Amino acid sequence: MVPTLLDQAKACVLKGEVDEAIRKCGEYLNGDFFHDEALFMLGGCFMAGGMNGLAAVCTTAAIEARAALNKTFPEALMNLGGIYKSEHRNDMAAKIWAEALKQETIPRERSKIMTNIAGLYVNEGQPETAIEWCDKAIKEDPKNNGAKVNRGMACLELGRWREGWEGWKNTYATGDRKRRYYGDTIPEWNGQMGKSVIVYGDQGVGDELYYASMLTEMGQLCRKVTLDCHPRLTNLFARSFPDFEVHGTRKDLTELPWLRDCDAEAAIGMADLPCLLRNTADDWGEGKAYLKPNLGEAFGLREPPPEGQKQRIGISWTGGTKRTRTDLRSLPIEALEPILRARPDAQWYSLQYTPDAARQVCELEERTGIRIAHYPGWVECFDYDRTAWFVASLDLVITVCTTVHHLAGSLGVPVWTLVPSRPSWRYQVKGERLPWYASARLFRQTADGDWSGPIARVAKELECL
């Protein structure tokens with residue numbers, strides 16, 4: 001039997017050939033303008049390519065075409081809700097998924113919809129609601145790993161550590177994370193003492209800095225630790241953990257030259273260490289500094305000023321990406337003016353690493369006369385050791401939720417962090433302090449999107465320094 005254009009398009013989707021699938025769907029629709037399956041598939045292709053507007057149009061047309069046949073289309077509603085969520089239009093996603101839940105009768109599929117609904121409340125300041133939906137999803141389908149992950153994330157927001165890490169383990173099963181394999185004979189480390197273990201990073205630089213708080217403890221349990229880290233962190237980690245063998249190769253996909261001689265008996269991801277080491281509030285310890293900057297003159301930076309000179313304060317105002325909610329975590333540089341004016345006697349330094357930071361600080365000085373020094377070689381550099389030296393030379397860091405927060409906290413530098421009302425679990429849902437960074441203070445929004453409150457509190461604290 002000769003496959004139709006639609007069959008060919010489906011085959012292309014399975015092979016990941018999205019552009020070709022779009023072409024074949026389009027060609028098929030030339031002969032049948034409102035074919036529900038073709039429109040649904042085309043919407044899915046656009047969604048995969050990040051073209052969410054086109055994806056919404058095609059998926060909505062698919063739903064309407066199916067309705068014209070007096071049939072429901074819960075699968076398309078699932079996708080449509082996901083499209084709206086990708087654009088952070090959660091209210092619309094919630095309405096769409098509620099309708100999908102009414103239409104769907106298969107328990108496994110109903111569980112998926114409930115998991116999606118739960119995701120609308122994870123890292124959105126409503127972890128209790130997320131847990132309620134996850135529990136419903138798991139009741140419908142006890143094998144739903146996505147629901148277990150969302151439940152775990154919500155528990156982490158609340159500081160329910162053991163439950164949180166149990167759910168987090170399922171990120172491998174959902175495909176959200178991938179293990180790094182070092183050979184068929186090297187199993188995952190289970191916490192057994194006296195082993196030679198490879199520990200590797202698997203997320204962003206900020207995540208590696210955060211999870212590194214457990215490396216010293218891991219070193220006490222293991223005979224040998226080989227650290228496979230982000231290449232930007234090689235020098236900083238090598239100095240901070242001198243007993244470890246450190247390689248900045250976790251981005252390498254080719255053969256690792258050091259693997260043959262490292263004598264490894266097991267391996268584990270840094271983000272899996274809390275599952276073994278941080279299951280109660282007491283396990284976090286005192287939140288002391290654990291990273292050590294270069295204290296020499298390797299980078300040509302001067303020593304911190306003698307007593308009596310201006311305070312050195314670093315500041316950052318943009319964090320994240322669209323996917324990680326830069327819209328919630330960032331604010332215009334102009335909004336920081338009350339903070340900057342609270343200490344006109346301070347020397348302000350930009351810690352912003354985004355490409356337009358230099359222009360932003362220049363335009364701010366042009367408008368207001370307030371100077372923030374910006375040195376790209378210290379904050380936009382590949383070797384994060386330079387940035388660590390710079391941050392360690394400051395008296396205070398004021399930042400939004402971004403990597404600089406983790407760097408300052410791990411170095412023990414006082415850091416005041418502006419936290420949105422819907423933060424990531426790494427900032428918890430309430431409180432001024434975090435168990436992993438003793439030097440960090442959190443200044444939280446009390447109203448969604450309104451930074452005036454935390455900015456005013458920071459300005460007042462600065463005046464009292």
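The values are calculated or read from the model by the stated rules, or taken from the named source; none is laboratory data. Source: prediction; values computed, not measured. Cβ sites come from the backbone with ideal geometry, for glycine too, and all protein chains shown count toward neighbours. Heads up: the accessible areas ignore ligands, DNA and RNA and are worked out on the full protein's heavy atoms, side chains in. Shrake-Rupley method; radii C 1.70, N 1.55, O 1.52, S 1.80 Å.
Please list, in chain and number order, the residues 5+ apart from VAL419 or on another chain whose amide H is under 5 Å from its amide H, with Hs placed from the backbone.
Placed amide hydrogens put PHE443, ARG444, GLN445 under 5 Å from VAL419.
Using only DSSP helix segments of four residues or longer, with each worth -39500 (n - 2.57), what per-residue ellipticity at 222 nm results for the chain after dividing by its residue count and rounding to 500?
Numbers: 22 runs with 215 residues, N = 465.
About -13500 deg cm²/dmol.
Sequence-distant or interchain residues sharing an amide H contact under 5 Å with TYR375, placed H: which?
Here the answer is SER350, since their amide H atoms fall under 5 Å of that of TYR375.
Residue-wise, which Karplus ³J(HN,Hα) couplings in Hz belong to the stretch 195-201, taking 6.51 cos²θ - 1.76 cosθ + 1.60, θ = phi - 60°, and x for glycine or proline?
Per residue, the Karplus-derived 3J(HN,Hα) values read 9, 9, 10, 8, 10, 10, x Hz.
Find the accessible area per residue for the stretch 1-63; the probe is 1.4 Å, ligands and nucleic acids are left out, and the unit is Å².
In whole numbers, the stretch 1-63 has 55 Å² accessible per residue.
Sort 76-83, 196-203 by the packing proxy (mean of other Cβ within 10 Å over each peptide's residues), most packed first. Present the calculation step by step, with values, prior to reporting the outcome.
Working: 76-83: 23.8, 196-203: 21.5.
Result, highest mean Cβ count within 10 Å first: 76-83, 196-203.
On average over all directions, what projected area in square nanometres does the chain have, based on the convex hull of its Cα atoms?
Numbers: hull surface 106.9 nm².
For the Cα atoms of the chain, the hull's average projected area reads 26.7 nm².
Quick check on the stretch 382-465: what does the Kirkwood estimate of hydrodynamic radius come out to from the alpha carbon pairs, in Å? Could the numbers behind the result be given before it?
Values: mean 1/r = 0.0753 Å⁻¹.
For the stretch 382-465, inverting the mean 1/r across all distinct Cα pairs yields 13.3 Å.
Over the Cα atoms of the stretch 244-297, what Rg and Dmax result, in angstrom?
15.8, 41
Which percent, to the nearest 5, of DSSP beta bridges fully inside the chain are antiparallel? Numbers along the way, then the final one.
Values: 1 of 32 bridges.
Restricted to the chain, the bridges split so that about 5 percent are antiparallel.
From the phi angles alone, apply the Karplus equation (6.51, -1.76, 1.60; θ = phi - 60°) to the stretch 273-286 and give each ³J(HN,Hα) in whole Hz, x where the residue is Gly or Pro.
4, x, 4, 9, 10, 9, 9, 9, 4, 5, 5, 6, x, 9
I need the phi-derived Karplus couplings for the stretch 357-362: 6.51 cos²θ - 1.76 cosθ + 1.60, θ = phi - 60°, integer Hz, Gly and Pro marked x.
Whole-Hz 3J(HN,Hα) from phi for the stretch 357-362: 4, 4, 5, 5, 5, 5.
Rounded to the nearest percent, how much of the accessible area of the chain (1.4 Å probe, protein heavy atoms only) is carbon and sulfur?
On the way: 11240 of 21930 Å².
Roughly 51 percent, rounded to a whole number.
Around GLU366, what is the net charge, scoring Lys/Arg as +1 and Asp/Glu as -1 over all other residues with Cβ under 14 Å from its Cβ?
Working: positive: ARG359, ARG367, ARG371; negative: GLU334, GLU337, GLU363, GLU365.
After counting each charged neighbour, the total is -1.
How big is the stretch 386-428 by the Kirkwood estimate over distinct Cα pairs, in Å? All intermediate terms of the calculation are to be shown ahead of the outcome.
Values: mean 1/r = 0.0933 Å⁻¹.
Roughly 10.7 Å, rounded to one decimal.
Can you list residues from other chains, or at least 5 along the same chain, whose modelled amide H is less than 5 Å from the amide H of GLU188?
Amide H to amide H, under 5 Å and 5 or more residues apart or across chains, GLU188 pairs with ALA267.
Return the percentage of antiparallel bridges among DSSP beta bridges fully within the stretch 353-465, rounded to the nearest 5 %. Could the numbers behind the result be given before it?
Details: 1 of 10 bridges.
Percentage antiparallel, nearest 5: 10.
Can you bin the stretch 1-148 into rounded, prolate or oblate? Criterion: square roots of the alpha carbon gyration tensor eigenvalues sorted a ≥ b ≥ c, rounded for a/c under 1.5, prolate for a/b above b/c, oblate for the rest. It would help to have the intermediate numbers written out before the result.
On the way: a/c = 1.99, a/b = 1.89, b/c = 1.05.
In terms of gyration-tensor shape, prolate.
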